[in-house]
Amino acid sequence: MAKVVGAFQDPSAEVLAEAAAAFGLLASSARLHIMWALSQGESDVTHLADRVGGALPAVSQHLAKLKLAGLVRARREGRRQVYYVDDPDIVTVVRVMVGQLTARETSSAAPSATSSTPTGRLREAGV
């Protein structure tokens, strides 16, 4: 049973589990980078591997997981598969999170003091 606190109702256990699974997939910096790249536009695996600096087989495996979870889709163009983000809400989440952390990093007065930045604190917390 969902609780109502103020004007907000707690999400169901199923919704929380689905969100946790999506965040779990995006917890990999490689998959997050792939999602970031795909949020900018569709791409084939070769261009994605070049862009994210990953080996072609590894990027293919990451794409397979993202595709299985329904976060990306692919369509065939001749002999190649072109990948794109299937869920515009995920694009929004990725852009907001990465964009905010990038903005904080660039505005930080002490970039060498890792633990004083929000991103450094997240890494130290094991997140």
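With +1 assigned to the C-beta of every Lys and Arg and -1 to the C-beta of every Asp and Glu, and no other charges, what is the dipole magnitude of region 1-79 about the Cα centre in debye, to the nearest 20?
Charge dipole, region 1-79, about its Cα centre: 220 debye, nearest 20.
Sort the following peptides by mean Cβ neighbour count (other Cβ atoms within 10 Å, averaged over residues), highest first: 66-73, 48-55.
66-73, 48-55
Quick one: 3J(HN,Hα) in Hz for region 45-57, Karplus 6.51/-1.76/1.60 with θ = phi - 60°, rounded, Gly and Pro as x.
5, 5, 5, 5, 4, 5, 5, 8, x, x, 6, 3, x
Can you list the HN-Hα couplings for region 59-76, worked out from phi with the Karplus curve (6.51, -1.76, 1.60; θ = phi - 60°), rounded to whole Hz and with x for Gly and Pro?
3J(HN,Hα) across region 59-76, in whole Hz: 5, 4, 5, 4, 4, 4, 5, 5, 5, 4, 7, x, 8, 10, 10, 9, 9, 8.
Tell me which residues come under 5 Å, amide H to amide H, from VAL72 once H is placed; ignore anything under 5 positions away on its chain.
Amide H to amide H, under 5 Å and 5 or more residues apart or across chains, VAL72 pairs with LYS67, ASP86.
Mind listing the phi-derived Karplus ³J(HN,Hα) values for region 77-82, rounded to whole Hz, using 6.51, -1.76 and 1.60 with θ = phi - 60°, and x for any glycine or proline?
Calculated HN-Hα couplings, in order: 10, x, 9, 10, 9, 10 Hz.
Read-outs: derived from the displayed coordinates by stated rules, not from any lab. If you're wondering where the values come from, they're calculated on a predicted model, not measured in any experiment. Cβ coordinates were reconstructed from backbone atoms using ideal geometry, including for glycine residues, and neighbour counts include every protein chain displayed.
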